[in-house]
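These notes concern the structure reproduced below.
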Amino acid sequence: MAVPPSTYPRRLLPLFLGLFQGALLLFFALFVTYDEPSAQVEDTSLVANQVYSTFPFFQDIQVMLVVGLGLLLTFLPRYGFSALTHNFLLLNFSVQWALVLQGLLHHFHHGQIHLDLHKLLLSEFAAVTVLISVGAILGRASPCQLLVMATCEIPLYLASEWVIVTCLGVLDVGGTITIHVFSCYFGLGVSKALFRATQQPLHPKETPTTSSDLMSLVGTLILWVFWPSFVAVLCQPGDAQHRAILNTLLAMSASAITTVVASSLLDRDGKPSPSHLQNGSLAGGVAIGVVADMAVPPVAALALGSLSAVLCVLGFRFLTPLLARKLTLHDQCGIHNLHGLPGILGAAASIVAVLVAPKDASGSHPSQLSPAGGNASEAVEGQGGSRGVGGQALCQAAGLAVAVGASLLAGLLTGSALRLPCLARPPERLCFDDLLYFKIHDQAESPGPDSSAEEGALALKEQV
């Protein structure tokens with residue numbers, strides 16, 4: 001019996017998620033297990049030390065992604081519940097999907113995938129790319145479109161990371177190139193293909209309010225506090241991890257102060273913009289990731305944080321309106337200003353850091369320039385010193401080019417797929433509204449007693 005058109009969009013999301021979770025249950029039952037417990041006391045102590053050293057960082061990252069990033073997206077006054085919930089849903093969906101793909105590609109031995117905390121952490125790093133990318137189309141895409149976007153982006157990210165890290169040997173312990181740059185331009189590619197050449201006018205529900213900006217700023221503060229854990233978690237414990245934490249703190253402190261300066265100078269009344277504060281304060285954390293564990297002086301971290309904040313503020317003030325006007329490029333959350341521009345700056349800084357790094361007596365790089373862990377460590381340990389200064393600098397530039405080019409192309413293809421009518425893209429007049437997706441019991445926000453029912457019915461009629 002055919003499903004009535006009026007109920008099809010409502011059933012699409014639970015059907016998609018139900019089939020996905022059912023398939024994951026079957027896959028985990030057949031192929032996923034934990035490592036065998038160690039019988040030796042020395043091995044047991046080693047495993048315990050690894051868990052105790054990693055899990056606090058892991059908890060920090062969980063707070064960042066679930067609470068900090070979720071609140072950062074609540075600047076839309078009538079879309080806060082959807083932003084928080086969809087962010088949480090996408091995180092869980094993407095982590096499970098990444099666990100499956102990474103397990104099949106890298107950890108499938110003798111018919112089993114052995115799960116541990118490190119593999120789960122790498123899956124969360126993959127999920128971050130999705131959470132960043134959806135910022136470009138936040139509020140104008142349905143949950144089904146976001147899930148299909150995540151389904152496509154995770155394998156594309158893993159392929160891009162493999163090329164950048166394993167094949168090119170790029171040093172990027174904090175994911176500046178592999179995560180921030182890739183996710184930014186993937187999201188922009190999706191936005192361009194999804195909305196095509198249509199100019200997106202300012203929506204009446206799009207303007208932030210004082211309370212929504214305040215909630216978003218709270219998210220910024222949470223991200224700011226825990227960001228050093230995100231950068232340093234995959235570093236080698238010891239000097240490299242210590243250096244990464246210090247460099248990240250210095251860069252983010254400088255970006256917070258510089259954001260206030262730059263935003264105030266650009267305003268006629270000398271008042272900083274809330275959107276600048278929400279994003280520019282985090283720009284230093286994006287830029288420093290690629291050089292966080294390298295032998296760079298503290299002043300370099302401060303300078304990088306300040307420059308990234310200036311780029312972010314200038315991007316919001318001038319570049320975003322220009323791209324919207326000239327290229328009809330829609331970027332709802334300004335991910336190009338927070339992740340794209342600081343990411344490119346960080347990649348350029350890594351090239352300079354490689355070129356000017358001191359050499360030992362043999363003429364090779366010291367250990368501080370070798371990858372110190374994370375998504376750049378396991379595959380390329382020691383390559384930073386073996387290929388020479390010029391070769392490594394060229395690899396850093398090539399990695400940036402691959403991240404930008406591959407993500408843009410992949411985003412354009414994914415965005416074209418998201419235009420399928422069955423994915424229930426919301427009509428323009430009903431965008432940025434929680435009432436379209438959730439039962440909101442506070443009727444004070446509704447213009448009339450029957451408005452939610454009427455809008456929901458209209459949305460379902462227009463979606464099919």
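What pairs come up if the first residue lies in the stretch 154-171 and is within 14 Å of residue 123 (Cα to Cα), the second is open to solvent by 40 Å² or more (accessible area, probe 1.4 Å) and assigned to a helix (DSSP H, G or I), and their beta carbons are under 6 Å apart, counting only those six or more places apart or on different chains?
That search, which allows pairs on different chains as well, returns 154/97.
For residue 244, all conditions in the list (1) hydrophobic (A, V, I, L, M, F, W, C); (2) touching a residue at least 40 places away in the same chain (Cβ under 8 Å); (3) out of contact with any strand residue (DSSP E or B) (no Cβ under 7 Å at 6 or more places or on another chain) hold save one; what is the number of the exception?
Residue 244 satisfies every listed condition except (3).
Quick one: would you say residue 260 is free of Cβ contacts under 8 Å to residues at least 40 places away in the same chain and either more than 23 Å from residue 310 (Cβ to Cβ) or part of a helix (DSSP H, G or I) (or both)? Give the derivation first.
On the way: free of Cβ contacts under 8 Å to residues at least 40 places away in the same chain: yes; either more than 23 Å from residue 310 (Cβ to Cβ) or part of a helix (DSSP H, G or I) (or both): yes.
When the stated conditions are applied, residue 260 passes them.
Do you know which residues across the stretch 265-295 are open to solvent by 30 Å² or more (accessible area, probe 1.4 Å) and in a helix (DSSP H, G or I)?
265, 266, 274, 275, 277 - these are the residues of the stretch 265-295 that are open to solvent by 30 Å² or more (accessible area, probe 1.4 Å) and in a helix (DSSP H, G or I).
Can you tell me which of (1) more than 30 Å from residue 111 (Cβ to Cβ); (2) part of a helix (DSSP H, G or I); (3) modelled with pLDDT under 85 is the one residue 60 doesn't meet?
Checking residue 60 against (1) more than 30 Å from residue 111 (Cβ to Cβ); (2) part of a helix (DSSP H, G or I); (3) modelled with pLDDT under 85, the one that fails is (3).
Filter the stretch 105-120 down to the residues that are in a loop (DSSP other than H, G, I, E, B) and open to solvent by less than 40 Å² (accessible area, probe 1.4 Å) and list them by number.
Selection gives 111 alone.
Among the residues that make up the stretch 397-418, is at least one of them closer than 15 Å to residue 142 by Cβ, open to solvent by 40 Å² or more (accessible area, probe 1.4 Å) and without any contact (Cβ under 8 Å) to a residue 60 or more places away in the chain?
No, because not a single residue in the stretch 397-418 is closer than 15 Å to residue 142 by Cβ, open to solvent by 40 Å² or more (accessible area, probe 1.4 Å) and without any contact (Cβ under 8 Å) to a residue 60 or more places away in the chain.
Which one is nearest to residue 185 (Cα to Cα), of the residues in the stretch 131-175 that are among the small types (Gly, Ala, Ser) and not in a helix (DSSP H, G or I)? Steps first, please.
So in the stretch 131-175, the residues among the small types (Gly, Ala, Ser) come out as 133, 135-136, 139, 141-142, 150, 159-160, 169, 174-175.
Next, only the ones that are not in a helix (DSSP H, G or I) stay: 139, 141-142, 169, 174-175.
Values: 139: 18, 141: 17, 142: 20, 169: 21, 174: 18, 175: 14 Å.
The qualifying residue nearest to residue 185 (Cα to Cα) is 175.
What is the residue count in the stretch 297-327 for residues that are open to solvent by less than 30 Å² (accessible area, probe 1.4 Å) and either more than 23 Å from the chain's Cα centre (by Cα) or acidic (Asp, Glu) (or both)?
Within the stretch 297-327, residues that are open to solvent by less than 30 Å² (accessible area, probe 1.4 Å) and either more than 23 Å from the chain's Cα centre (by Cα) or acidic (Asp, Glu) (or both) number 0.
Could you grab the pairs with beta carbons closer than 7 Å, sequence gap of 6+ or different chains, first residue in the stretch 297-324 and of a type in the set (Lys, Arg), second one assigned to a helix (DSSP H, G or I) and modelled with pLDDT of 95 or more?
317/266
Give the residue that is farthest from residue 227 (Cα to Cα), with candidates limited to residues of the stretch 272-296 that are small (Gly, Ala, Ser) and more than 20 Å from the chain's Cα centre (by Cα).
If we filter the stretch 272-296 for residues that are small (Gly, Ala, Ser), which is where we start, we get 273, 275, 280-281, 283-285, 287, 289, 292, 295.
The next check asks that each one be more than 20 Å from the chain's Cα centre (by Cα); those that pass are 273, 295.
Values: 273: 22, 295: 20 Å.
Here the residue is 273.
Hey, any hits in the stretch 221-233 for a residue that's in a loop (DSSP other than H, G, I, E, B), surrounded by 20 or more Cβ atoms within 10 Å (Cβ to Cβ) and aliphatic (A, V, I, L, M)?
Within the stretch 221-233 (the criterion being in a loop (DSSP other than H, G, I, E, B), surrounded by 20 or more Cβ atoms within 10 Å (Cβ to Cβ) and aliphatic (A, V, I, L, M)), the answer is yes, since at least one residue qualifies.
Checking the conditions here, which among 245, 335 is of a type outside the set (Lys, Arg), surrounded by fewer than 22 Cβ atoms within 10 Å (Cβ to Cβ) and touching a Cys at 6+ places or on another chain (Cβ under 9 Å)?
Step by step, each of 245, 335 is checked, and only 245 is of a type outside the set (Lys, Arg), surrounded by fewer than 22 Cβ atoms within 10 Å (Cβ to Cβ) and touching a Cys at 6+ places or on another chain (Cβ under 9 Å).
So residue 84 ticks every box in (1) in contact with a Lys or Arg (Cβ under 7 Å, 6 or more places away or on another chain); (2) in a helix (DSSP H, G or I); (3) not hydroxyl-bearing (Ser, Thr, Tyr) but one. Which box is left unticked?
In the conditions (1) in contact with a Lys or Arg (Cβ under 7 Å, 6 or more places away or on another chain); (2) in a helix (DSSP H, G or I); (3) not hydroxyl-bearing (Ser, Thr, Tyr), residue 84 misses (1) alone.
Any residue at all in the stretch 370-377 that's within 16 Å of residue 163 (Cβ to Cβ) and modelled with pLDDT of 95 or more?
There is no residue in the stretch 370-377 that is within 16 Å of residue 163 (Cβ to Cβ) and modelled with pLDDT of 95 or more.
Quick one: in the stretch 35-55, which of the residues that are surrounded by fewer than 11 Cβ atoms within 10 Å (Cβ to Cβ) and of a type outside the set (Gly, Ala, Ser) is modelled with the lowest pLDDT?
Among those that are surrounded by fewer than 11 Cβ atoms within 10 Å (Cβ to Cβ) and of a type outside the set (Gly, Ala, Ser), it is 41.
Please determine whether any residue of the stretch 156-164 is open to solvent by less than 10 Å² (accessible area, probe 1.4 Å) and charged (D, E, K, R).
No; the residues of the stretch 156-164 include none that is open to solvent by less than 10 Å² (accessible area, probe 1.4 Å) and charged (D, E, K, R).
Yes/no per residue for (1) modelled with pLDDT under 95; (2) not β-branched (Val, Ile, Thr):
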| site | (1), (2) |
| --- | --- |
| 83 | no, yes |
| 117 | yes, yes |
| 125 | no, yes |
| 128 | no, no |
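How many residues does the stretch 76-104 hold that are under 19 Å from residue 224 (Cα atoms) and either among the β-branched types (Val, Ile, Thr) or open to solvent by less than 30 Å² (accessible area, probe 1.4 Å) (or both)?
Of the residues in that region, 1 qualify.
Filter the stretch 319-342 for residues that are part of a helix (DSSP H, G or I) and touching a helix residue (DSSP H, G or I) at 6+ places or on another chain (Cβ under 9 Å) and give the result.
319, 320, 323, 335, 336, 337, 338, 339, 340, 341, 342 - these are the residues of the stretch 319-342 that are part of a helix (DSSP H, G or I) and touching a helix residue (DSSP H, G or I) at 6+ places or on another chain (Cβ under 9 Å).
The values are calculated or read from the model by the stated rules, or taken from the named source; none is laboratory data. Predicted, not measured: the structure shown is a model, and the values here were computed from it. Here the Cβ is made from the backbone with ideal geometry for all residues, glycine too, and neighbour counts use every protein chain on show. For accessibility, only protein heavy atoms count, side chains too; no ligands or nucleic acids. Shrake-Rupley method; radii C 1.70, N 1.55, O 1.52, S 1.80 Å.
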